[in-house]
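Down below is the structure, laid out as structure tokens.
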Amino acid sequence: MVSEVPHFHDGLLTGIVLGEQSATVYLRQSTGEEYTLTLSGLEVLQMEDFRQGNIISMVEVVSGRLPYEHAGLERLFKPPHPKATEEYQKAHAIVMERQAARIASGEVSLLVIVPSYGADLLAICREVKAAVRDGNGS
């Protein structure tokens, strides 16, 4: 399930808090409005290059359709070494196909945050909810 995710182009990824099977991602639009994205049923998350001043190019939640060319799933599920036996190559291909099918069926969602600068985030979870944060930080 996915709640409507607003546009964050030129906004900021300001923080992330990880739970055992959840995550809360803190975002700020270029207008200054603060949001949280709550990821429930978190299965896998990978973020690279978190910095002070993480400028967002795009936030997208993919569910109910195939992700584009696996949309970075290779980052979430690292392939075996190119010289690994065919058995491992086939097993990895099966994992990639299964995850893409789960996203396409709507069983899970893929959160993609593409940076202009800084944090590049991918996550697979059961549910993504976007909410405006009030002035008290909640």
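The values are calculated or read from the model by the stated rules, or taken from the named source; none is laboratory data. Please read these numbers as outputs of a predicted model, since none were measured by experiment. So basically every Cβ, Gly included, is an ideal-geometry build from the backbone, and we count neighbours across all protein chains shown. Calculation scope for accessible area: heavy atoms of the full protein, side chains included, ligands and nucleic acids excluded. Shrake-Rupley method; radii C 1.70, N 1.55, O 1.52, S 1.80 Å.
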Next on the checklist: I need the full set of residues from segment 80-104 which are in contact with a helix residue (DSSP H, G or I) (Cβ under 7 Å, 6 or more places away or on another chain) and either under 26 Å from Ser40 (Cα atoms) or surrounded by fewer than 12 Cβ atoms within 10 Å (Cβ to Cβ) (or both), in order please.
Outcome noted: Met96, Gln99, Ala100
Next on the checklist: When you scan segment 39-52, do you find a residue that is part of a helix (DSSP H, G or I) and within 20 Å of Val108 (Cα to Cα), even just one?
Outcome noted: no
Next on the checklist: I'd like to verify a number: residues in segment 1-25 that are exposed (fewer than 15 other Cβ atoms within 10 Å of the Cβ), of a type in the set (Gly, Ala, Ser) and in a strand (DSSP E or B), how many?
Outcome noted: 1
Next on the checklist: Filter segment 105-131 down to the residues that are part of a strand (DSSP E or B), among the β-branched types (Val, Ile, Thr) and either over 22 Å from Leu12 (Cβ atoms) or open to solvent by 80 Å² or more (accessible area, probe 1.4 Å) (or both) and list them by number.
Outcome noted: Ile124
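To keep it simple, each residue is scored yes or no on (1) over 15 Å from Val128 (Cβ atoms); (2) assigned to a helix (DSSP H, G or I); (3) touching a Cys at 6+ places or on another chain (Cβ under 8 Å).
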{"position": "Leu27", "(1), (2), (3)": "no, no, no"}
{"position": "Ser30", "(1), (2), (3)": "yes, no, no"}
{"position": "Tyr35", "(1), (2), (3)": "no, no, no"}
{"position": "Ile56", "(1), (2), (3)": "yes, no, no"}
{"position": "Val61", "(1), (2), (3)": "no, no, no"}
{"position": "Met96", "(1), (2), (3)": "yes, yes, no"}
{"position": "Ile103", "(1), (2), (3)": "no, yes, no"}
